[in-house]
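Please read the structure below before turning to the comments.
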Amino acid sequence: MRLFASLCIALGFLERVSCSCPSQCTCDYHGRNDGMRSRSVLCSDLDMNEVPTNFPVDTVKLRIEKTVVHRIPAEAFYYLVELQYLWLTYNSVASLDTSSFYNLKQLHELRLDGNSLAAFPWTSLRDMPRLRTLDLHNNRITSVPNEAVTYLKNLAYLDLSSNRLTTLPPDFLESWSHLVTTSSRSLDLSARRIIL
């Protein structure tokens, strides 16, 4: 009897997170070049103030845009193991937990532009080994801590422009090898780019 009850609870949880689309979002399938289909989720409800917990588990691209979400809780997306693109843009996000992006091992692109972040949990980049793009422009970040350099090695694109930066670690720019200065305070690194 206990086994049956446990099975029912587990199936109920899987049904809740795997098939449904949050009521304040739209979920669509899109064709890919390889003939497969991938799911995209868009949440742009002006009244949304919390990150939903029932995104479909096969979500590849998630956009939460122009909401009043203030914080991204710990492990907010941990079950989205196929997620490659996460855009949390132009919300009111002021707080990120160090484990907000836990288990996002397939994530390629994280965009947090247009929020109210005063700091970014740089150690969280360990949970995203495939991350290539990190966009933090148009926030309130004042400094980048020394230890951040350790976590930037996999990035190909980092945008910190339109923040309140006053301090960068001494070896921050050196960590981006083969720097070539270009116009508009951008540094072109052949395949790597940083915008300050």
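A short reminder: the numbers here are calculations on the coordinates, not readings from a lab. All values reported here derive from a predicted model rather than from experimental measurement. No Cβ is skipped: glycine too gets one built from the backbone with ideal geometry, and neighbour counts run over all protein chains shown.
Couple of notes before you dig in:
- Ordered by the number of other Cβ atoms lying within 10 Å of each residue's own Cβ, fewest first, LEU112, LEU136, LEU168 fall into the sequence LEU168, LEU136, LEU112.
- Multiplying the residue separation of LYS105 and LYS66 by 0.36 nm and removing their Cα-Cα distance gives an extension gain of 11.5 nm.
- Electrostatic tally near ARG111: other residues with Cβ closer than 10 Å to its Cβ, Lys and Arg +1, Asp and Glu -1, net -4.
- For segment 104-121, the Karplus equation 6.51 cos²θ - 1.76 cosθ + 1.60, evaluated at θ = phi - 60°, returns couplings of 8, 5, 9, 5, 9, 9, 10, 10, 10, 5, x, 10, 10, 6, 9, 8, 10, x Hz by residue, with Gly and Pro reported as x.
- Residues ASP47, ASP97, ranked from the fewest to the most other C-beta atoms within 10 Å, line up as ASP47, ASP97.
- Extension gain, ASP34 to SER116, is 25.7 nm, computed as 0.36 nm per intervening residue step minus the present C-alpha separation.
- Stretchable slack from ARG132 to SER92, in nm (0.36 nm times residue separation minus alpha-carbon distance): 12.0 nm
- Projected label points at TYR78 and SER20, each 7 Å from Cα along the beta carbon direction, are separated by 2.0 nanometres.
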